[in-house]
Structures are given as structure tokens and as C-alpha cells.
Amino acid sequence: MSEQAEVDVRQWIGRQQTIGDYIDAFRVTGMSATMDRDDPEPRAGDALPPGWHWLFFAEIARQSRLGPDGHAARGEFLPPIALPRRMWLGRW
């Protein structure tokens, strides 16, 4: 789609996306080690440190469906508009 094309974004209003993930002690311990932290061994139900939710629950897209910025191509969940930056809203 050309950058000059106009898109009627009304059909994208109200869309929601839910992504599930399993977070196990191995991945949490691995991230603690990567960040050189002295966290206690995680147990089921423990909260993640602030900001770590960005590491989990990620959208997965096939390589052939990635946009030039490395994220899933626009036009499916997000409208195909030619804005250069994406914002992550509602991930808290």
C-alpha cells in the first residue's frame, strides 16, 4: 500500500487482541541472570519485577508477515497507515 493512500480506519476501532503465555521459573531465573540480578528463586504466583511483562505475552508473526520495523505487518490487527512509530497501549 502506498504511503499516500488514504485508509478508512473506522473498521479498526474497538479491536482487541489478547495474547497468552506461560511464564515458568526457568525463564524468570534466566532473565534475572541476564540482568545480573540477585533475585530469589521464583515460585508460582510470584509477581514479575516491574517492566518484565514486556518480555512475555509477545505477539508472534511469521517472518513473511513482518513489516520493515520487525513487528507484525500493518493491515491485520493495526490499520495499514504510514506512521513511522508504534505505541504499546493497554499492556499493563
Estimated 222 nm signal from helices in the chain, with DSSP H stretches of n ≥ 4 weighted -39500 (n - 2.57), rounded to 500:
-3000 deg cm²/dmol
Non-local amide H neighbours of residue 72 (under 5 Å, H modeled in plane, Pro and chain starts lacking H): which ones?
67
Computed FRET efficiency, Cβ-Cβ of residue 36 and residue 61, R0 22 Å: what is it to the nearest 0.05?
0.10
Give the label of the value calculated from the structure for log10 I(q)/I(0) by the Debye sum over Cα atoms at q = 0.10, 0.23, 0.24 Å⁻¹, choosing from [x] -0.45, -1.10, -1.14; [y] -0.24, -1.19, -1.28; [z] -0.41, -1.25, -1.32.
[z]
If we sort 45-57, 20-32 on the protection proxy, mean other Cβ atoms within 10 Å, highest first, what's the order?
20-32, 45-57
In degrees from 0 to 90, rounded to the nearest 10, what is the angle of the helix 25-34 Cα long axis to the longest principal axis of the chain?
90
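Read the figures in this text as sums done on the coordinates, not as results from a lab. Because the structure is a prediction, the values reported are computed rather than measured. Neighbour counts run over all protein chains shown; Cβ positions are idealised from the backbone, glycine included.
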